[in-house]
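Undergrad: A single structure is presented below for examination.
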Amino acid sequence: MITSFAIPTFPEATGSFPMVTDATSKQLFTGLVLTKNMEFVDDLLTFEELGSYLKSQGCHVANLSSLEFSVKNGIGGCLRSILRQFLMITLDAADVSILATWYREQGSCNNPVVIIIEDLERCCGSVLSDFIIMLSEWVLKIPVVLIMGIATTLDAPKSILQSNALHHLCPCKFILGTPLERMDAIVEAVLVKQCSGFGISHKVAVFMRNYFVSQDGTITSFIRALKIACAQHFFVEPLSFMIWFLLGDDNLMLQGEKYGLSPEMMLKHALSLPSCQSIGSDKIAKQHGETIVNGLAELKKLQCQWSIVILCLYEAGKCDKVTLLDLFCEALDPDSFKSRAPDNGGGLENDSGGSRDCYKHQQYHTTRNSGFICQAVQKLRDLPAVQICKLLKGWEKYTVNVPQIHEKVKKLLSEVKSEDGKGSGQDLSTISKRHASRKHLKIEDSKAVNEKAAKLLESMVRNYMQPLECAAFHEIVCFKNVNALQTALIGDPRRRIQVDLLEVQNIIQCSCCSSSSNALLPSMHDSSILYTLAQEHGDLINLHDWYQSFKSVALRLSNKGKRGPNYSPSPKKRKATTKPAKPSEASIQARFCRAVTELQITGLLRMPSKRRPDYVQRVAFGL
C-alpha cells in the first residue's frame with residue numbers, strides 16, 4: 001500500500017529532502033504488540049525471534065531499545081543506531097537521507113524496513129513522537145513498518161505520544177498470550193503430545209513447575225530447564241536412542257549397532273532396568289530382542305492413551321481456569337495412580353453387575369482428593385448443555401485412536417444432540433401449556449448428561465491415565481534425576497569448591513597423586529592441603545597447629561632424601577642423584593599465608609579477630 005501512493009525515481013529517492021505529498025501517504029503502518037507484562041527476558045527473546053523471522057522473509061529489520069529514545073540521545077541517537085545496524089559502520093553525523101540512499105542501493109524495493117521498538121512505555125514521549133513524524137515524512141522513500149511492544153494496555157500510546165504523532169499511525173493490535181497460556185501451549189506440544197518421545201518424571205515436573213513460578217513465570221527459564229533435562233538424559237542413558245522407535249523408526253537393532261551396542265548388550269542393559277525386574281528369566285530367554293520391541297510398543301500405547309486423557313481433562317478444566325501444567329504434574333504422580341487403579345483389571349465395559357461396589361470404591365479414590373483432576377471432573381457436572389456439547393466434540397477429536405473411549409464419547413454426544421432436537425421441535429402451543437414441567441425435565445436431562453460425562457471422564461482417568469513411571473522400560477525415555485537438574489540450574493558453588501578441594505586427585509589425575517589414594521602430598525595445591533587439614537579441626541582452627549601440620553607435609557619430600565646422594569644398587573654403575581632442595585621457612589610461611597587468603601576469598605574461612613588473633617574460623621561445614 002505504501003508503494004501504491006508513489007514510486008520515486010532514484011534521484012528523487014536519494015535526495016536530501018522528503019517528497020511533498022498528501023496526508024494519506026504519510027501514514028505509518030504500526031503493529032502494537034501487547035505483551036501483558038511479560039517477563040523482561042521473554043520480552044527480549046520474543047522481539048529478537050520476531051526480527052530473525054522477518055529477516056528470513058527478506059525484510060530489513062532494526063531493533064531499538066527504550067534507552068535510545070532518551071532526551072540525551074534525541075533523534076540522532078535513534079538514527080545512529082539504525083544506520084549502525086544496516087550499514088555496519090558508526091557515523092558521527094546521523095542523516096535520514098543516508099538511510100534512504102542505502103535502501104535504494106539494495107536494488108529490490110519490495111521489502112519494507114521494519115523498526116522494532118521493544119518497550120513503548122519506557123521511551124521518552126517527545127523523542128519518540130519526533131521520530132515518528134520524521135519517518136512519516138520519508139515513508140515514500142523508505143517504506144517503514146513500526147512494531148512497538150506495549151506492556152500495559154493498548155491506550156498507552158495516547159498517554160505517551162503527542163497528538164500530531166498519533167495522527168500518522170495506522171495501528172493494528174497483536175495480543176500475546178499470558179505466561180501461563182504460553183506455558184500450557186509448550187507443555188501440550190512438547191510433553192503431553194509426545195512430539196519427541198522424551199518424558200520427565202513426576203518429581204522433575206514438580207521441580208520445573210516450582211522453578212517456573214519462582215522465576216516469575218519466565219518461559220525462558222522453563223525451556224532452559226527442559227533442554228538441560230533432555231541433554232542430561234541422552235548423555236547418561238545408553239538406550240536413549242531407542243526414542244527413535246517411538247517416533248516410527250522400526251530398525252532398532254541397526255540403530256544400536258550404530259551407537260556401538262550389540263543386540264546382546266542392549267537386551268542385557270534393558271532387562272537390568274528397575275522397571276523390568278519383574279520379567280522372569282524363562283520369558284527373557286524365549287523372547288530375546290522381541291522383549292524390548294514389545295515393551296516399547298506397549299510404552300508407546302500407554303503414552304498415547306495418557307496424553308488423550310490429559311487433553312480431555314484440560315478441556316473440562318479450562319472452564320474453571322485449571323492450567324495444563326498443574327494437571328500434567330498431578331497426572332504424572334505414580335502414587336496417585338496406584339490409589340485409583342482398578343483392582344480387578346476391568347476396563348470401561350465393567351459398569352454393571354458385581355463390579356458396582358468396586359466402582360464406587362475406585363470413584364472414591366479418584367475424587368476424594370481436592371486436586372486439579374478432581375476440580376476438572378467436578379466442573380464438568382456444572383457446565384451448561386451448550387458447553388457440554390462443545391466439550392464432547394473436542395473429546396471426539398482427541399479419542400479417535402482409542403476406539404473404546406471414542407465409541408462412548410460418540411454415544412454420549414448423540415444423546416446431547418437428540419435432547420437439543422427434542423427441545424427445538426416442540427410446538428408453540430405445547431410450549432405455552434407445559435412451560436413449568438418442561439423446564440424441570442430439561443434441567444433433569446441436563447444434569448443426567450453432565451453426570452454421564454463426569455462418570456465417563458472418571459473411568460478414563462481410572463483405566464487409561466497410567467503415568468510414565470508405572471510402565472516397563474520407562475527409564476529409556478524418562479528423565480528422573482531431579483538432583484542433577486537442580487544442581488545444573490541453581491548450582492551450589494560453595495559445596496562444589498569444597499568437593500574440588502577435597503578430591504583434587506580425581507580432578508588433576510596426575511601420576512604422583514593417583515598412586516597414593518587420599519594421602520596428602522607436597523605436590524598437591526597448597527589450598528587443597530590446608531583445607532584437607534582443616535577437616536581435623538572444629539569450628540575454630542589454631543593457626544600455629546595448622547601451620548605446623550602444613551609444614552610437615554611441605555617438608556615430607558625433602559625428608560625422604562636427607563641421607564645424602566642416592567646411589568644405584570648395582571656396584572658397577574654408580575650414578576649420583578641430586579637431592580631435592582629443602583624449602584626454606586620463609587617460603588613455607590609465604591605459601592601458607594597465600595593458601596589461607598585463597599580460602600578466605602572463596603568464603604570457607606573467616607580471618608582472625610582482635611579478640612582471638614591466633615585462631616581462624618571455619619564458615620562452611622558438611623557436604
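The values are calculated or read from the model by the stated rules, or taken from the named source; none is laboratory data. If you're wondering where the values come from, they're calculated on a predicted model, not measured in any experiment. Glycine also receives a Cβ, built like all others from the backbone with ideal geometry; neighbour counts cover every protein chain displayed. Heavy atoms of the whole protein, side chains included, go into the accessibility calculation; ligands, DNA and RNA do not. Shrake-Rupley method; radii C 1.70, N 1.55, O 1.52, S 1.80 Å.
Undergrad: What is the spin-label model distance, in nm, from Glu264 to Glu48 if the labels are put 7 Å beyond Cα along the C-beta direction?
TA: In this crude spin-label approximation the distance works out to 5.1 nm.
Undergrad: Can you grab the distance from the C-alpha centre of segment 204-228 to the C-alpha centre of segment 444-503, Å, no decimals?
TA: What the calculation gives is 14 Å, centre to centre.
Undergrad: Around Val402, under 11 Å between beta carbons, what's the net of Lys plus Arg minus Asp minus Glu among the other residues?
TA: +1
Undergrad: Using a 1.4 angstrom probe on the protein heavy atoms only, could you order Ile160, Ile601 from most to least accessible area?
TA: So the residues, ranked largest to smallest area, are Ile601, Ile160.
Undergrad: Okay, moving on. Which stretch or stretches of segment 530-549 have amide N atoms under 17 Å from the point lying 7 Å from Glu585's Cα along the Cα→Cβ direction?
TA: Under cut-off, by backbone N: 544-549.
Undergrad: Relative to the present Cα-Cα distance, how much length would full extension add between Gln57 and Glu121 at 0.36 nm per residue of separation?
TA: Computed gain between Gln57 and Glu121 is 20.2 nm.
Undergrad: Here's another thing I want to ask about it. Check Val114: other-chain or 5+ apart residues with amide H under 5 Å from its amide H, H built from backbone geometry?
TA: Those qualifying (amide H under 5 Å, at least 5 residues apart or on another chain) are His60, Val61, Ala62, Val145.
Undergrad: Would you check the accessible area of Cys478, probe 1.4 Å, heavy atoms only, in square angstrom rounded to 10?
TA: 10
Undergrad: Given points 7 Å out from each Cα along the Cα-Cβ axis, report the Arg496 to Glu181 separation in nanometres with one decimal.
TA: In this crude label model, Arg496 to Glu181 measures out at 3.8 nm.
Undergrad: Tell me whether segment 108-221 comes out rounded, prolate or oblate; compute the Cα gyration tensor, take square roots of the eigenvalues as a ≥ b ≥ c, and use a/c under 1.5 as the rounded threshold.
TA: prolate
Undergrad: So which of Lys36/Lys452; Lys36/Lys338; Lys36/Lys318; Lys393/Lys480 end up more than 30 Å apart by C-alpha?
TA: With Cα atoms farther than 30 Å apart: Lys36/Lys452; Lys36/Lys338; Lys393/Lys480.
Undergrad: Run the numbers for Cys172 and Gln600: contour at 0.36 nm per residue of separation, minus the present Cα-Cα distance, in nm.
TA: Using 0.36 nm per residue and subtracting the Cα-Cα distance, I get 148.2 nm.
Undergrad: Right, next: Note the full-extension length gain between Asn506 and Gln85 as 0.36 nm times their separation in residues minus their Cα-Cα distance, in nm to one decimal.
TA: Going from the current span to full extension adds 146.7 nm.
Undergrad: Tell me, what is the FRET efficiency for Gln548 and Gln232 to the nearest 0.05, using R0 = 56 angstrom and their Cβ-Cβ distance as r?
TA: E between Gln548 and Gln232, to the nearest 0.05, is 0.80.
Undergrad: How much of Arg496 can a 1.4 Å solvent probe reach, expressed as accessible area in Å² and rounded to 10?
TA: 120
Undergrad: Please sort 537-545, 85-93, 461-469, 47-55 by packing, taking for each peptide the average over its residues of neighbouring beta carbons within 10 angstrom, highest first.
TA: Ranked by mean Cβ neighbours within 10 Å, highest first: 461-469, 47-55, 537-545, 85-93.
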